[in-house]
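Novice: Below are the structure tokens for one structure; questions will follow.
The values are calculated or read from the model by the stated rules, or taken from the named source; none is laboratory data. Remember, predicted model here, so these are calculated numbers, not experimental data. Reconstructed Cβ throughout: ideal geometry from the backbone, glycine too, with neighbour counts over all protein chains shown.
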Amino acid sequence: MIITIDGPAAAGKGTISAYLSQKYHLAYFDTGMVYRAVGLQMVLTGLNLQNQNAALKIAQNLTFPQMMELSVHPDFRSDIGGQAASIVSAYPTVRAALLNMQKNFALKPTFADGQPAKGVVYDGRDTGTIICPNADLKLFVTASPQIRAERRYKEFLQKGMITSYEKVLADMIARDERDSKRTNAPLKPAEDAVIIDTSDLSIDDVLAYITPLVEAKL
Ligand code: DC
């Protein structure tokens, strides 16, 4: 069973993915992590994010354990990590270098402890279009930039990060623009994706809507 969940930042993909992977005992691959790992590695080593060749070298050498190690860094999930990921993810060569790592996960999905899983929930931007075009169920989850910025701002506050709503909104809009305008794998729903706008929905409403879609595929 392969489920793909694509959409812009802070639309609710992570919460939905975590719920579905737990409920149906599926592995979870947050594909934004591969780009965050490459972007953060560049920031930490003082490389210019505009240096596409340097980003490519890091992408070519990226391994799962390395990505997990970087994921505990405080800037992995911060604005810095998000912006860096968005920049490097726009490089077609970087995307190509990270493609097999993402695709191959579906061939042998595993839980975080290494145990095999019967399927996977992918979370990202192009998982239904490029990574797993044959997925059993494709969801495209979205919400207005203002609502998403509000959610992300609250998350940052809870983590003790200092920022303002205005800055989070501006960054969100900049990232949406970059993610949807890039020529290579732009953010867009797969033709056979179910589109869900979560702007006016509670998480319970969203999960109640999605559950029968998954059950129908089991
Ligand atoms: O989902 P996220 O915020 O962790 O993603 C970080 C960046 O990575 C985002 O700006 C777009 C990019 N990304 C991508 O291009 N393709 C994916 N499948 C996942 C993320």
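Novice: Name the residues in the stretch 178-198 that are surrounded by 15 or more Cβ atoms within 10 Å (Cβ to Cβ) and of a type in the set (Lys, Arg), would you?
Specialist: The answer is Arg178, Arg182, Lys188.
Novice: If you don't mind, there's one more thing I want to ask. Let me spell it out: the conditions are (1) near the ligand (Cβ under 10 Å from one of its atoms); (2) within 16 Å of Lys138 (Cα to Cα), and Gly82 meets all of them except one. Which number is the exception?
Specialist: (2)
Novice: So, of the residues in the stretch 38-52 that are farther than 18 Å from Asp75 by Cβ and in contact (Cβ under 8 Å) with a residue 24 or more places away in the chain, which turns out to be surrounded by the most Cβ atoms within 10 Å (Cβ to Cβ)?
Specialist: Among those that are farther than 18 Å from Asp75 by Cβ and in contact (Cβ under 8 Å) with a residue 24 or more places away in the chain, it is Gln52.
Novice: Which residue is surrounded by the most Cβ atoms within 10 Å (Cβ to Cβ), if the candidates are limited to the stretch 4-21 and must be more than 14 Å from the ligand (Cβ to nearest atom) and not polar (S, T, N, Q)?
Specialist: Leu20
Novice: Where residues in the stretch 22-40 are more than 8 Å from the ligand (Cβ to nearest atom) and either within 18 Å of Lys103 (Cα to Cα) or modelled with pLDDT under 95 (or both), which of them is nearest to the chain's Cα centre (by Cα)?
Specialist: Phe29
Novice: Being surrounded by fewer than 21 Cβ atoms within 10 Å (Cβ to Cβ) and in contact with a Leu (Cβ under 6 Å, 6 or more places away or on another chain) is the filter here, so list the residues in the stretch 118-136 that pass it.
Specialist: Listed by number, the list holds a single entry, Gly119.
Novice: Which residues, counting only those in the stretch 147-196, are under 25 Å from Pro74 (Cα atoms) and hydroxyl-bearing (Ser, Thr, Tyr)?
Specialist: Hits for the stretch 147-196 are Tyr153, Thr163, Ser164, Tyr165.
Novice: Now for a different question. Any residue at all in the stretch 122-132 that is within 13 Å of Met1 (Cα to Cα) and within 11 Å of the ligand (Cβ to nearest atom)?
Specialist: Among the residues of the stretch 122-132, at least one is within 13 Å of Met1 (Cα to Cα) and within 11 Å of the ligand (Cβ to nearest atom), which makes the answer yes.
Novice: Hey, can you tell me all the residues within the stretch 2-28 that are part of a helix (DSSP H, G or I) and among the aliphatic types (A, V, I, L, M)?
Specialist: If the condition is that a residue be part of a helix (DSSP H, G or I) and among the aliphatic types (A, V, I, L, M), then Ile16, Ala18, Leu20 are the ones that fit.
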